[in-house]
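The values are calculated or read from the model by the stated rules, or taken from the named source; none is laboratory data. Every value quoted in this text rests on a predicted model; they were computed, and no experiment measured them. Here the Cβ positions follow ideal geometry from the backbone for every residue, glycine too, while neighbour counts run over all protein chains shown.
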Amino acid sequence: MTLAFISIISGISLMWISAEKLEKYSVLSARKFGISPFLIGSTVIAFGTSAPEMLTTFFVSLEDQGAMVIGNVIGSNVANLSLVFGSMLFVMSFKKQNISQPSSIRKNLLILLASSFLVWGVIVIDPFALFSSVILLTALLAVIFFWYRDNQEVPEIEELTESNNNFIKLLLSLLTLVFAAWLITSGAKLILKNFNLGQLFIGYTVLAIGTSLPEIAASISLALKSRYEAVAGTLIGSNIFNGLCVLAIPGLFQSDQMSFGWEYSEWSSLLRILFAITTIFCLYIFLLSKEKRKASLLLSIIFLSIYFISLIYAY
């Protein structure tokens, strides 16, 4: 068990550092190759925030731990909205600051709800089939194409200092992130064997929290600096990528053993919780896009509480 916890803590620490560096050098490399700020925001940054989930899902899929994959996706999306957004809202409420959102975010709220419906449908039918992966990836490409054609404004990208060898640093950050994901999944497997908690619970807790920690830290940091505007947009993009891209990975392996130990009935409650918190989040952001409001302490407590309540169903 000591080895398991060392692997997980080391993996989370490396992921914390490498995820931030990956995003930074991705932006710098994209700018060097002449990619527009819009495409950087809608693809590179969104991909960067979902990279930890993608890599942990890849390694878990190699082990045919299908239920753990679903747990990672659902747990990460619930954690994004409850822990990440809830933490930001909690900080902002104590600062007694008014918050708002641009009206352009409303279309993305509809996309988030639609993708949540699609993910739910895929999980109900067969999340480990090739046709499920094709449907999810096609939907992801359609979303990216819509973002491109709609030409919406994206959250302002912080000015970054140019440095030499950005592409090499990008590759090193990616390799470090891959190693971090392997450490976390290895530790999760050891806990799975020693405690016999089940793939569902391990995926929903160890993997989901581990891959969401960088976003939790970033959201609190932005809130302390009163730069809350970027958080909601990043979470929307991250949850869309998690559902449409990360969930598509298992079906690409075409493994009959992937679905062993998987029962939809065990997940129905958690899916309802995910859709409920997604709906609450979308309604709140929609209201903020209509008029500026004070950050709600009560709502932040509700968001934070939902994740811990969901652990009961996951267990």
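Evaluating ILE220 against the criteria (1) modelled with pLDDT under 70; (2) over 23 Å from TYR307 (Cβ atoms); (3) surrounded by 13 or more Cβ atoms within 10 Å (Cβ to Cβ) leaves one unmet condition, (2).
Just checking, does the stretch 208-217 include any residue being modelled with pLDDT of 75 or more, in a helix (DSSP H, G or I) and closer than 14 Å to VAL60 by Cβ?
Quick first cut of the stretch 208-217, residues modelled with pLDDT of 75 or more only: 208.
Narrowing further to those that are in a helix (DSSP H, G or I): 208.
Now restrict to residues that are closer than 14 Å to VAL60 by Cβ: 208.
Yes, the stretch 208-217 has at least one match.
Taking helices (runs of 4 or more DSSP H) as the structural unit, those lying wholly within the stretch 235-315 and holding at least 3 residues that are modelled with pLDDT of 90 or more correspond to 264-290, 297-314. Within the stretch 59-111, the set of residues being buried (at least 18 other Cβ atoms within 10 Å of the Cβ) and of a type in the set (Gly, Ala, Ser) comprises SER61, GLY66, ALA67, GLY71, GLY75, SER76, ALA79, SER82, GLY86, SER87, SER93.
Pairs meeting the criteria (first residue in the stretch 290-315 and within 16 Å of ALA208 (Cα to Cα), second residue among the aromatic types (Phe, Trp, Tyr), beta carbons under 8 Å, at least 6 apart or on different chains) are LEU304/PHE90; SER310/TYR204; LEU311/TYR204; ALA314/PHE201; ALA314/TYR204; TYR315/PHE201. Residue pairs whose Cβ atoms lie under 6 Å apart, sitting 6 or more positions apart in sequence or on different chains, and linking a residue in the stretch 56-75 that is modelled with pLDDT under 85 to a partner that is not in a helix (DSSP H, G or I), are SER61/PHE253; ASP64/SER255; GLY66/PHE128; GLY66/TRP262; ALA67/GLY261; ALA67/TRP262. When the stretch 281-298 is filtered for residues that are under 28 Å from GLY71 (Cα atoms) and surrounded by 17 or more Cβ atoms within 10 Å (Cβ to Cβ), the ones remaining, listed by number, are PHE281, CYS282, TYR284, ILE285.
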